[in-house]
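The structure appears below as structure tokens.
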Amino acid sequence: MSIAQNLLQIKSQLPNHVTLVAVSKTKPVADLMEAYNAGQRIFGENKIQEMTEKWEQMPKDIQWHMIGHVQTNKVKFMAEYVSLIHGVDSLKLLQEINKQALKHHRVIDCLLQIYIADEKTKFGLDETELVELLTSNEFKELQNIRIVGLMGMATFTDNQNQIKEEFEHLKEIFDNTNKLETLNLKLETLSMGMSGDYKLAMDCGSTMVRIGSSIFGNRNYQ
């Protein structure tokens with residue numbers, strides 16, 4: 001099946017309230033353009049340099065999502081154009097995004113990454129750290145960022161019950177966090193689920209799924 005066919009097949013399975021992020025990391029612009037021509041406008045990249053090169057070459061109505069782990073010293077390279085930064089897990093990073101957004105007279109939307117997996121390699125905040133961050137005075141001072149949701153990655157396992165529990169835990173945290181009210185916090189997006197588990201994630205309340213290999217085929221890491 002072609003990229004366009006893969007894309008349309010996946011989109012036909014998604015309810016209207018679920019946003020599809022096409023994970024295009026390591027893929028050439030020609031592949032992205034095939035998805036673009038089939039109607040896709042949201043692409044997810046995990047390296048800022050690669051994303052910026054694609055942004056420069058491609059149509060300007062695309063929303064670029066940074067889905068990889070972000071280093072503070074790289075934020076400035078995407079602050080001009082990035083639509084959503086997914087894996088934000090510290091006040092320090094938020095402060096840097098705020099600083100760079102201010103330079104471009106923008107408010108940049110972010111998702112806070114919550115640690116739900118039973119794995120040491122995953123990043124994220126736990127529930128206590130999340131509340132501490134969102135209720136801190138430092139957070140309230142940030143006027144050029146907006147927290148629009150939470151994201152999390154389940155453990156890499158075949159155990160569907162474990163994945164389901166982790167997704168449900170994230171949904172519970174999302175619902176609890178929504179009771180906090182500050183100016184730069186408005187939770188609308190719950191991003192969880194990838195090619196292997198997005199249907200389960202949607203059942204657990206996900207409103208944004210990140211799908212790459214099921215659209216573009218297997219990745220070629222050189």
- With x for Gly and Pro, the residue-by-residue ³J(HN,Hα) of region 22-33, computed from phi through the Karplus equation 6.51 cos²θ - 1.76 cosθ + 1.60 at θ = phi - 60° and given in whole Hz, is 7, 7, 10, 4, 6, 8, x, 3, 4, 5, 5, 5
- Quick one: dipole size for region 107-153, taken about the Cα centre, charges +1 on Lys/Arg Cβ and -1 on Asp/Glu Cβ, in debye to the nearest 20. 180 debye
- Globularity index of region 1-52, i.e. its alpha-carbon radius of gyration over 2.2 N^0.38 Å: 1.15
- Note on the structure: Rounded to whole angstrom, the alpha-carbon centroid of region 36-114 lies from that of region 148-221 at a distance of 19 Å
- Message: Rounded, prolate or oblate, given the Cα gyration tensor of region 159-222, with a/c below 1.5 counting as rounded?
- Response: oblate
- For ASP61 and LYS99, FRET efficiency with R0 = 22 Å and r from the beta-carbon atoms, rounded to 0.05? 0.20
- Query: Tell me, what ³J(HN,Hα) does each residue in region 171-188 have, in order and in whole Hz, if you take phi through Karplus 6.51 cos²θ - 1.76 cosθ + 1.60 with θ = phi - 60° and put x for Gly and Pro?
  - Reply: 5, 5, 4, 4, 5, 5, 5, 5, 7, 6, 10, 9, 4, 9, 10, 8, 7, 10
- Query: Which FRET efficiency value, to the nearest 0.05, is calculated for ASN37 and ASN161 with the Förster distance at 35 angstrom and r the Cβ-Cβ distance?
  - Reply: 0.30
- Query: Using alpha-carbon pairs under 8 Å, 6+ residues apart, how would you state the relative contact order of the chain in percent?
  - Reply: 20 percent
- Taking the dipole about the Cα centre of the chain, with the C-beta of Lys and Arg at +1 and of Asp and Glu at -1, give me whichever of ALA30, GLY149, LEU183 is farthest to the positive side. ALA30
- Note on the structure: Stretched fully, the stretch from GLU181 through HIS169 gains (0.36 nm per residue minus C-alpha distance, one decimal, in nm) 2.2 nm
- Query: Given a 1.4 Å probe, how much area per residue of the chain is accessible, in Å²?
  - Reply: 50 Å²
- Note on the structure: Placing each pseudo-label 7 Å from Cα in the direction of the beta carbon, ALA4 and GLU50 end up separated by a distance in nanometres of 2.5 nm
- Query: In nanometres, what is the gap between the two model label sites at THR128 and LYS140, each 7 Å from Cα along Cα-to-Cβ?
  - Reply: 2.3 nm
- Take the alpha-carbon positions of region 1-130, form their convex hull, and give its projected area averaged over all directions (one quarter of the hull surface) in nm². 9.4 nm²
- Item | Contour excess over end-to-end distance, with Cα ends at VAL107 and ASN218 and 0.36 nm allotted per residue | 36.5 nm
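Find me the longest stretch of the chain that has none of the exposed GluC sites (Glu not before Pro), where exposed means in a DSSP loop (not H, G, I, E or B) with at most 12 other Cβ atoms within 10 Å. Intermediate results must be reported in sequence, preceding the final value.
Details: sites that count: GLU119, GLU141, GLU181.
The segment 1-118 is the longest one with no such site.
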- Task: With all distinct Cα pairs included, what does the Kirkwood hydrodynamic radius of the chain come out to in Å, to one decimal, could you say?
- Result: 17.8 Å
- Three principal axis extents, largest first, for the C-alpha atoms of region 82-155, in Å? 39, 26, 17
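What's the carbon and sulfur percent of the chain's accessible surface, probe 1.4 angstrom, rounded to a whole number? Let's see the in-between values first.
Working: 5270 of 11110 Å².
Reported share for carbon and sulfur atoms: 47 percent.
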- Task: Percent of Cα-Cα pairs per 10 Å bin, from 0 to the last occupied bin, for region 105-222, please list those.
- Result: 13, 41, 31, 13, 2
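The values are calculated or read from the model by the stated rules, or taken from the named source; none is laboratory data. Owing to the predicted nature of the structure, the values given are computational and were not obtained by experimental measurement. As a convention, Cβ positions derive from the backbone with ideal geometry for all residues, glycine included, and neighbour counts pool all protein chains shown. Only protein heavy atoms, including side chains, enter the accessible area calculation; ligands, DNA and RNA are left aside. Shrake-Rupley method; radii C 1.70, N 1.55, O 1.52, S 1.80 Å.
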